[in-house]
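J.: The structure's right below; bear with me while I get my questions together.
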């Protein structure tokens with residue numbers, strides 16, 4: 001029996017984006033969300049804790065946590081250090 005109360009994040013987001021007020025706020029935070037998601041994905045792939053990533057990037061676990069919850073506004077320098085700590089490169093693009 002399929003649980004009718006279960007909904008995926010993507011389905012919930014799609015429904016919520018129908019609201020103009022929610023969409024406006026989401027669009028303002030989308031860049032932070034995408035950055036957080038990328039850091040979490042790469043850190044998880046490398047099996048690093050936030051503390052281990054922080055040590056490699058010469059920052060604190062609290063800063064990594066803030067980045068991963070999209071509540072920080074990092075400098076390009078910090079993002080570059082995190083990229084190196086994750087064995088990848090920072091790429092900035094305008095589309």
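J.: Can you name the residue in segment 54-67 that is within 14 Å of the chain's Cα centre (by Cα) and within 18 Å of residue 89 (Cα to Cα) and is also surrounded by the most Cβ atoms within 10 Å (Cβ to Cβ) among such residues?
T.: Within segment 54-67, the match that is surrounded by the most Cβ atoms within 10 Å (Cβ to Cβ) is 64.
J.: If you don't mind, there's one more thing I want to ask. Every residue in segment 50-70 that is part of a loop (DSSP other than H, G, I, E, B) and free of Cβ contacts under 8 Å to residues at least 12 places away in the same chain, please.
T.: Of everything in segment 50-70, just one residue is part of a loop (DSSP other than H, G, I, E, B) and free of Cβ contacts under 8 Å to residues at least 12 places away in the same chain, namely 60.
J.: Would a scan of segment 23-40 turn up a residue that is surrounded by fewer than 13 Cβ atoms within 10 Å (Cβ to Cβ) and in a loop (DSSP other than H, G, I, E, B)?
T.: no
We did not get these values from a lab; they are worked out from the coordinates using the rules stated. Remember, it's a predicted structure, so these values are computed and weren't measured experimentally. Please note: Cβ atoms are built from the backbone with ideal geometry, for glycine as well, and neighbour counts cover all protein chains shown.
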